[in-house]
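To start, the structure under review is shown below, and the notes come after it.
The values are calculated or read from the model by the stated rules, or taken from the named source; none is laboratory data. Everything numeric in this text was worked out from a predicted model, so none of it was measured. Positions of Cβ are backbone-derived with ideal geometry, glycine not excepted, and every protein chain shown enters the neighbour counts.
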Amino acid sequence: MFLDSLMVQCNTRETPLKIKTITAMDESYGMAESQNAEILSRFCQLSIEAGDTSIFPATIRFITTQGRMKFVRPLYKALSKSDEGKELAQNTFLEYYNFYHPIAAKMIATDLDVSPPVEDDVKNEESDEQKKTGDIDGQMKQDYSQADIQSDGETDNLAGSQTNNQINIQTDHRSDNEEQQINDDNHYHGQKKEADVDRRMKEYKVAAKRIWKDVFKFIVGASVIASFGLLLFRPNYSL
């Protein structure tokens, strides 16, 4: 393939293409707008290595809609080696971390030297919620003690009524916290599930296109072979 040979030559010589060469290729063949993942990924990589920052938007659009590691990981690496693209690569990866397969995400995180933030954020949120609940419980216990001291001269029925009211307040507050935590967990898992479904659908579409392309090539090849066979083995009816 033409782009493959260019990449091999650039890697062998350790000399990237010139920006004017990249621009001429794009103007002639429209590679930056290609719908073929193989072509677009290679052209983006060549452009980044050449220092063409105008390819960044197309690259970001590609790596945030294409989840296959064979395409996105080389582009993240190329961006990370660029002075202009390193921070962009890190921020994009952290934003779309849940979009990628866990294995791909782990390897890309290592390439970019960043830590996946999702699990840490969830733990921090749970820790903050538990701390808030503990502070509220401590405050309520302190209120109970003050209420007991103030109610020494009151009747048993009045003290029992106050205690029941305070217990009901505590129970309602905990129920609200638990319901909020359940809603947050459902929202998080729902977003992750939608991202997984979108990624799989895109992979299925790409696979289906590739299968139909192979079937078409097979049919054309079979037709050519059959035609050639008829020409070779045509009966001779001449006397």
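Do any helices (runs of 4 or more DSSP H) lying entirely in segment 1-84 carry at least 2 residues that are over 22 Å from residue 96 (Cβ atoms), and which ones are they?
2-13, 19-29, 37-50
Of all residues in segment 24-43, count the ones that are touching a residue at least 12 places away in the same chain (Cβ under 8 Å) and of a type in the set (Phe, Trp, Tyr).
1
Listed residues 46, 79; which is closer than 24 Å to residue 21 by Cα and in contact (Cβ under 8 Å) with a residue 40 or more places away in the chain?
46
Name the single residue that is nearest to residue 98 (Cα to Cα) among those in segment 188-226 being among the small types (Gly, Ala, Ser) and at pLDDT 80 or above.
This residue is 207.
Considering 14, 33, 38, 95, which residue is farther than 30 Å from residue 197 by Cα and not assigned by TED's automatic domain parsing to the domain that holds residue 200?
On the way: 33 fails: farther than 30 Å from residue 197 by Cα; 38 fails: farther than 30 Å from residue 197 by Cα; 95 fails: farther than 30 Å from residue 197 by Cα.
After ruling out the rest, the residue left standing is 14.
Filter segment 1-37 for residues that are at pLDDT 75 or above and hydroxyl-bearing (Ser, Thr, Tyr) and give the result.
15, 21, 23, 28, 29, 34
Determine, yes or no, whether residue 92 is buried (at least 18 other Cβ atoms within 10 Å of the Cβ), touching a Cys at 6+ places or on another chain (Cβ under 6 Å), free of Cβ contacts under 8 Å to residues at least 60 places away in the same chain and in a helix (DSSP H, G or I). I'd like the intermediate steps shown before the answer.
On the way: buried (at least 18 other Cβ atoms within 10 Å of the Cβ): yes; touching a Cys at 6+ places or on another chain (Cβ under 6 Å): no; free of Cβ contacts under 8 Å to residues at least 60 places away in the same chain: yes; in a helix (DSSP H, G or I): yes.
Answer is no for this residue.
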